[in-house]
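Everything on this sheet refers to the single structure shown next.
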């Protein structure tokens, strides 16, 4: 049986590299956004990025285990299906996967005691699913980088 995502991504050896790759993926996804919703995403990212030194890294570190848990059933099904690209697999289930991942950020927001961050999150949450769906091929590629 194929390794679980937890066994692939959350090991002490992989952890710092996965965190760095996730931060880079977020940065690239944000910079690729355009239009009104893209401007809102960029503003929210800037707010979070300037909130406190290391804040985004700590958020990625705190969200990653729950994100991995949400992706785990998709990873298992992907491996059982014999499909060739996890990014394509995720993209074909875009709505479902994006809502699963957003459930993690929603839960984090529910417990946030940082009004500035919460305001920025709420400003972009309505359109977040489409942005997450657009990022799924790259999320899948990031996962496969460590699985291969």
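The values are calculated or read from the model by the stated rules, or taken from the named source; none is laboratory data. Predicted model only: the values in this text are computed from it and were never measured. Reconstructed Cβ throughout: ideal geometry from the backbone, glycine too, with neighbour counts over all protein chains shown.
Descriptive notes on the structure:
- Verdict on residue 90 being crowded, with 18+ Cβ neighbours inside 10 Å, out of contact with any strand residue (DSSP E or B) (no Cβ under 7 Å at 6 or more places or on another chain), over 21 Å from residue 45 (Cβ atoms) and modelled with pLDDT of 90 or more: yes
- Which numbered condition residue 142 misses (of (1) assigned to a helix (DSSP H, G or I); (2) more than 25 Å from residue 32 (Cα to Cα)): (2)
- Residue satisfying all of: in segment 107-136; under 12 Å from the mean Cα position of the chain (by Cα) and surrounded by fewer than 17 Cβ atoms within 10 Å (Cβ to Cβ); nearest to residue 26 (Cα to Cα) among these: 134
- Taking residues in segment 127-148 that are on the phi < 0 side of the Ramachandran plot and free of Cβ contacts under 8 Å to residues at least 40 places away in the same chain, and partners anywhere that are surrounded by fewer than 19 Cβ atoms within 10 Å (Cβ to Cβ) and assigned to a helix (DSSP H, G or I), the pairs with Cβ atoms closer than 6 Å and at least 6 places apart or on different chains are 128/102.
- Among the conditions (1) in a helix (DSSP H, G or I); (2) touching a residue at least 40 places away in the same chain (Cβ under 8 Å), the only one that residue 56 does not satisfy is (2).
- Within segment 24-41, considering residues that are in a helix (DSSP H, G or I) and more than 23 Å from residue 99 (Cβ to Cβ), the one farthest from the chain's Cα centre (by Cα): 39
- Hits in segment 66-78 (condition: over 11 Å from the mean Cα position of the chain (by Cα), free of Cβ contacts under 8 Å to residues at least 60 places away in the same chain and surrounded by 13 or more Cβ atoms within 10 Å (Cβ to Cβ)): 74, 78
- When 12, 16 are screened for being exposed (fewer than 12 other Cβ atoms within 10 Å of the Cβ) and assigned to a helix (DSSP H, G or I), only 16 passes.
- Single unsatisfied condition, residue 88 versus (1) touching a residue at least 40 places away in the same chain (Cβ under 8 Å); (2) in a loop (DSSP other than H, G, I, E, B): (2)
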